Amino acid sequence: MSEKKQQVRKMFDAIAGKYDFLNHFLSAGVDFYWRKKALNLTKIPPDAVLLDIACGTGDFAAAIRKAGVQDIFGADLSFQMLQLFGKKANWIRGKRVQTIAESLPYIDETFSNITVAFGVRNFYDIPLAFHEFYRILKPGGKVTVLEFSLPTNPVIRAVYTFYFKKVLPVIGRIISGDESAYTYLPNSVEEFDKKVDLQGIFLKEKFASVKKNLLTFGLVQVVIAQK
Ligand SMILES: C[S@@+](CC[C@H](N)C(=O)[O-])C[C@H]1O[C@@H](n2cnc3c(N)ncnc32)[C@H](O)[C@@H]1O
């Protein structure tokens, strides 16, 4: 098993109980707006058959449900995150699986839509995961990825980096009790921003079209790829 996969699973299992609170607190609730905005951009029809990967405790799936989609499945690497999803929303019972994005237990062309919010950065093999997404999507199906990025404006970037690297890890550590999770967050975002071109990977994996939108000065990106 890859080292990153083990580490990520352990980390999310450890912070699961505090994840929702910290997420909303540290982003001052803006994370709700980002999920909603990503859905407005991608326009998922109510009759979609949707898989939310890296679903965690279910906040993106809940927003998708609120937007009118009924048939939602969830997949995540962390058992503890999935357990909390089950407690929060019983409509997902029987429709959530503990699995990795890089090897999905679904037959070809099962879903019309795939969504991933703040998950891709944690994958241990993004091209392999996108290859799987392509396989399980119906022709014309869409993947919507919501992920952090770093602002390009140098002043905003400096302020944000200070908050992200100096303030957030301290608050995260005190509240979650986990020494490393909230240091991992800014470090993984920085590395991801430097090294990973999501549009390029989607195109290499044969997706027909890919669009990218930046939100809130480029703090997050929404990438929509169509098969
Ligand atoms: C930051 S949380 C995001 C949860 C949720 N999507 C949200 O918007 O709040 C990231 C999730 O990705 C999951 N994850 C990380 N690597 C994964 C992988 N390779 N396959 C599936 N899930 C993964 C973690 O277990 C965690 O629940």
Result of the Cβ filter at 6 Å on the stretch 82-109, keeping first residues that are β-branched (Val, Ile, Thr) and partners that are within 9 Å of the ligand (Cβ to nearest atom) and in a loop (DSSP other than H, G, I, E, B), at least 6 apart or interchain, is Ile100/Leu77
Scanning the stretch 171-205 for residues that are modelled with pLDDT of 95 or more and not in a helix (DSSP H, G or I), the one farthest from the chain's Cα centre (by Cα) turns out to be Glu205
Within the stretch 91-117, residues more than 13 Å from the ligand (Cβ to nearest atom), out of contact with any helix residue (DSSP H, G or I) (no Cβ under 7 Å at 6 or more places or on another chain) and assigned to a strand (DSSP E or B) come out as Ser112, Asn113
Of those in the stretch 42-57 that are surrounded by 15 or more Cβ atoms within 10 Å (Cβ to Cβ) and farther than 18 Å from Val8 by Cβ, the residue nearest to the ligand (Cβ to nearest atom) is Leu51
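Which of the following residues is modelled with pLDDT of 95 or more, over 24 Å from Gln221 (Cβ atoms) and touching a strand residue (DSSP E or B) at 6+ places or on another chain (Cβ under 8 Å): Thr99, Thr115?
The match here is Thr99.
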Scanning the stretch 58-90 for residues that are part of a helix (DSSP H, G or I), surrounded by fewer than 23 Cβ atoms within 10 Å (Cβ to Cβ) and touching a Leu at 6+ places or on another chain (Cβ under 8 Å) gives Ala63
In the stretch 120-167, residues that are basic (Lys, Arg) and under 22 Å from Glu102 (Cβ atoms) total 4
Here is a check on your reading of the model: is Glu147 of a type in the set (D, E, K, R), within 15 Å of the ligand (Cβ to nearest atom) and assigned to a strand (DSSP E or B)? yes
Going through the stretch 1-12 in order, the residues found to be more than 15 Å from Arg173 (Cα to Cα), in a helix (DSSP H, G or I) and either of a type outside the set (Asp, Glu) or modelled with pLDDT of 90 or more (or both) are Lys4, Lys5, Gln6, Gln7, Val8, Arg9, Lys10
Counting only residues in the stretch 206-227 that are of a type outside the set (Val, Ile, Thr) and under 19 Å from Arg157 (Cα atoms), the one farthest from the chain's Cα centre (by Cα) is identified as Phe217
Considering the stretch 1-32, residues that are touching a residue at least 40 places away in the same chain (Cβ under 8 Å) and of a type in the set (Ser, Thr, Tyr), and then whichever is farthest from the ligand (Cβ to nearest atom), we arrive at Ser2
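The values are calculated or read from the model by the stated rules, or taken from the named source; none is laboratory data. Nothing here was measured: the structure is a model prediction, and the numbers come from that model. Glycine gets a Cβ as well: all are built from the backbone with ideal geometry, and neighbour counts include every protein chain shown.
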